[in-house]
Structure formats: C-alpha cells, structure tokens
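Written below as structure tokens is the structure these notes are about.
Readers should treat all values here as calculations from the given coordinates under stated rules, not as data from a laboratory. A quick note: this is a predicted structure, and the numbers were derived from the prediction, not measured. All Cβ positions, even for glycine, are placed from backbone atoms using ideal geometry, and neighbour counts span all protein chains on display.
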Ligand SMILES: Nc1ncnc2c1ncn2[C@@H]1O[C@H](COP(=O)(O)OP(=O)(O)OP(=O)(O)O)[C@@H](O)[C@H]1O
Ligand SMILES: [Mg+2]
C-alpha cells in the first residue's frame, strides 16, 4: 500500500464529450512538453477502440495495457521510453478496454501502476470520448480532469453533458478545460467564459481554464508524419500553446485525491495487495 502522501504522481485524465476534438494530440504533446520541462511524465493510452497515442510518437506497440490486464506481463514489460524521456503505456486497439473494466480489472491495473506512484510527477491518460459509466468512474478518480472543448456547437453541448455527469453522478467538484482549435487566445478565453457561465448556472462544479490551442494545420501534418507536433514543428503556434499549457499544469498545486476503489486511486484499493 502507498499512502496519499507518498504518491508523487498526479493523474490527469484527458476527456471530452464529443469525439475528435483533440484529446490524443493534447495528451501526447502535453506529456512531451511536461517531460521537456523536467517532469517525470507517463502517457497512458486509455482509449478503447482506437488506441493510437504511440503512433503519434512513431512507436510500435508489441505489448499493450491489454497484456497487463490478461496477466501475461507486468507494466514494466509494456512501458516504452519515448521522446524526451516520456514513458508510454500503449493501448490496445480493437476492443473496449477501459469502459469494460470490472472491479478485478481495476484492481489489477491499480496494482500494476502502484510501483510508479511514488516515482512519477504526472500520469496523463488519454481516454475515449463519450459518457460510459465505468470510463467516467476512472476519469472521476483522477487528480485533474482535463476536458477538451472545441468551438463547434455539438462539442459545446456534449462537453456540458459530460461535466453534468461528472458533477451530479460522480461528485466531482472541479474540472480543468483546454479550449482547442480556436482562432487565438482571446477567442479561446471567450469560449471558456461562455461555457463556464452556462455550467455555473446549473452545476455545483468549479471550472478553470488551462489555456487554448489554436487551430493549426501543423497538428494535422504531424499526425500524417506519425510524429508529435512538438517534435515535428517546434516553432508552430500549436507547439507554443502545448508548452504554455504544460507550464500551467506543472505549476498547479494539485493535491492527490482519493480514488476509492477505482484504478487511478492507486493507494486506496481495498484488499488489492
Ligand atoms: N489544434 C488543432 N489544429 C488543427 N487540427 C487539430 C488540432 N487538434 C486536433 N486536430 C486534428 O483533429 C483530429 C482529431 O484529433 P485527435 O485524434 O487528437 O482527437 P481525439 O479527441 O483524440 O479523437 P477521438 O475522440 O477519435 O479519440 C486530428 O486529425 C487532428 O490532427
Ligand atoms: Mg483520441
């Protein structure tokens, strides 16, 4: 068992209501940016059907988180060393992993991650979009819930639905927002303000704005090149934004929250040892 105080790793779950709003690109680039700021960062691909975070880093995955769940190997056999020292836990493509986790699976993952709990600064989990109860439980047990919000009306509504479920069904009282694919910082801030006003009117949850990533074709280009934007286009506007957001995350005073019997709360799993 590791106590909350001993856990240095802060888990950041990157989520969204609507798909395709930029979660994977933000997860990958944020992880690399944190590593470049000297942080010990681990990127966990927690997407269910379309695990692809490792592809953006040009890495092949022979073993994945699914092998850990199947007890075929330990997490140390799956973790790969990526760009700038970021550790990558590849996900499994083709079947629903995280949303379908039962209590024993979650226990297994908690055990697997626990050795890293006192070693790392940040564990960034790229999740699948959509509001699945089990996936939401995992997201709710992280230390920082990072909701990616883009300006399309459907994304706005879906982000509201997501925050509503996190607040009312899972008792979350704080969410951090990254506005993506916006014109510039000013329009990103305006989008956040609008979202925050709507949320504040109806839900008892605190929202904070970590920053914006502009719409920048370099992001898309880097995906085609199977590289992350920070590496392929370090001088792009998007790369500058990823680094800015990483600084905000690195400087945030983020207390470790109890995860209960959910996997991200590595330290408090009853009967897991
Ligand atoms: N800031 C940006 N500027 C331009 N294009 C972007 C930006 N962010 C993401 N994209 C593009 O949007 C598409 C979706 O991005 P990404 O795969 O990161 O989204 P996602 O939320 O992880 O999607 P999914 O829900 O399918 O997992 C990609 O083609 C990506 O290149
Ligand atoms: Mg994705």
The exposure ranking of 105, 45, fewest beta-carbon neighbours within 10 Å first, is 105, 45
Sort 23, 18 by Cβ crowding within 10 Å, fewest neighbours at the top. 18, 23
Fewest-first ranking of 230, 120, using other Cβ atoms within 10 Å as the exposure measure: 120, 230
Protection proxy ranking, peptides 240-252, 141-153, 68-80, 161-173, average beta carbon neighbours within 10 Å, highest first: 141-153, 240-252, 161-173, 68-80
Would you report the distance distribution of C-alpha pairs in the chain as whole percents per 10 angstrom bin, up to the bin with the largest distance? 7, 32, 39, 19, 2
Once you have the Cα-Cα distance between residue 77 and residue 170, take 0.36 nm times their residue separation minus that, and quote the gain in nm to one decimal. 30.2 nm
Pairs of alpha carbons in the stretch 151-240 whose separation is greater than 17 Å (percent): 55
